[in-house]
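Here the structure is laid out as C-alpha cells; the discussion comes afterwards.
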Amino acid sequence: MKIAHISDIHCNLGTDFNPKVFEKAVTLLNKEEADLIFISGDLTTFGLLSEYEMAAEKIKQIKGKTVIVPGNHDERNLGWKLFPEFFGITDFIHDYTDVTLVGLASSEPDKDNGRLGRGRHKKIEEGIKKNKKTTIIGFHHHLIPVPNSGRETNIIDDSGETLDIILKNEVPLVLMGHRHVPWGVKIHKTLLVNAGTFSCNRTRAHFGNTFNIINIKENEIDVKVVDIEKEKKKEMINFNLSDGCCVNKYYNK
Ligand SMILES: [Fe+2]
Ligand SMILES: [Fe+2]
C-alpha cells in the first residue's frame with residue numbers, strides 16, 4: 001500500500017499560504033497515484049470560514065482518497081465547528097485492505113499544544129484490536145520532540161500515556177505533522193514519522209516544502225521525502241519489521 005502523507009497546507013489569504021508551491025506540490029503528489037492521501041492537519045492558518053472554503057477548493061485538486069484530521073490552527077476562532085462541516089468526522093477508524101488507520105483530533109480550541117485524552121486512547125486500542133492488519137495512528141501534534149524545529153514545544157499533554165499504549169501494542173507506524181519539518185525515528189517497534197509543510201511559507205532553514213511517500217509492504221515500511229521545490233525524492237527511513245532494523249538516511253551527509 002502506498003500512502004502519501006501531507007501536512008500543514010495553511011490556506012490563508014495573507015502570507016502563510018504559497019499558491020505556486022501548492023500547485024507544484026499537487027502535480028507531484030498526483031503523479032504518485034497513492035492509494036491513500038493522509039493529511040495531518042493545519043489546512044488553515046486561523047480556522048476562518050474563508051480559509052476553510054479555500055482549503056476545500058484546494059483539496060479538490062488532489063486525486064485519490066483523502067483522509068483528514070484537524071491541526072491546532074484549524075481549531076482557532078471557532079474553526080473546530082467548521083472542520084466537520086467541510087471535512088467530516090475528526091476521530092475515526094478506517095479499514096483498508098492491508099491497514100487499519102486510526103485518525104484522531106489532537107487539537108483543542110485556541111491552544112497550540114494538543115491532548116488526546118482517555119476517549120481517544122480507547123479509540124487507539126479499539127483500532128488495534130479490530131483486526132490483525134497493520135495499524136497506523138495519525139494525528140497532528142508530535143509525540144516526542146522533533147529536532148530541527150526550534151523550540152521543542154507543543155508535544156501532546158498526555159504524550160507519556162499515548163506513547164505507552166502505542167509501544168506496548170507495538171503499533172508499527174504513527175503519522176504526525178505540526179513542526180513543518182520531515183522527521184522519522186524508531187522507538188521500540190514503532191516508527192514515528194512527521195511530514196513537513198506542504199505549502200506554507202513558514203519553512204525552516206533549507207528544509208523547504210515537502211511531503212512524505214510511505215510504502216507499506218508485508219514486512220517493511222519505507223518512507224521517502226519529496227522536496228517540492230527541487231522536485232526530488234529522497235529516502236528518509238526504512239524499517240524492516242521482521243528483523244527490526246531501521247535506517248534513517250535523510251539527516252546523514
Ligand atoms: Fe502548521
Ligand atoms: Fe500545527
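The values are calculated or read from the model by the stated rules, or taken from the named source; none is laboratory data. This is a predicted model, so every value here is computed, not measured. As a convention, Cβ positions derive from the backbone with ideal geometry for all residues, glycine included, and neighbour counts pool all protein chains shown. Areas reflect the complete protein model, heavy atoms only, side chains present, ligands, DNA and RNA absent. Shrake-Rupley method; radii C 1.70, N 1.55, O 1.52, S 1.80 Å.
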For region 230-240, enumerate the residues that are of a type in the set (Asp, Glu) and surrounded by 13 or more Cβ atoms within 10 Å (Cβ to Cβ).
-> Glu235
Residues that are surrounded by fewer than 22 Cβ atoms within 10 Å (Cβ to Cβ) and either within 16 Å of ligand 2 (Cβ to nearest atom) or in a helix (DSSP H, G or I) (or both), drawn from region 100-119 | Glu108, Pro109, Asp110, Lys111, Asp112, Asn113, Arg115, Gly117, Arg118, Gly119
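Rundown of residues vs (1) surrounded by fewer than 17 Cβ atoms within 10 Å (Cβ to Cβ); (2) β-branched (Val, Ile, Thr), yes/no style:
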| position | (1), (2) |
| --- | --- |
| Ala4 | no, no |
| Ile9 | no, yes |
| Asp16 | no, no |
| Lys20 | yes, no |
| Thr27 | yes, yes |
| Lys31 | yes, no |
| Glu85 | yes, no |
Going through region 1-12 in order, the residues found to be away from ligand 2 (no atom under 15 Å from the Cβ) and touching a Ser or Thr at 6+ places or on another chain (Cβ under 6 Å) are none
Residues of region 122-174 satisfying the condition of being in contact with a Phe, Trp or Tyr (Cβ under 7 Å, 6 or more places away or on another chain) and hydrophobic (A, V, I, L, M, F, W, C) | Val146
Starting from residues that are outside any loop (DSSP other than H, G, I, E, B) and open to solvent by 20 Å² or more (accessible area, probe 1.4 Å), keep the ones in region 210-222 and report whichever is nearest to ligand 2 (Cβ to nearest atom).
-> Asn215
Quick one: which of Asn194, Asn148 is within 16 Å of ligand 1 (Cβ to nearest atom), modelled with pLDDT of 95 or more and within 30 Å of Glu229 (Cβ to Cβ)?
-> Asn194
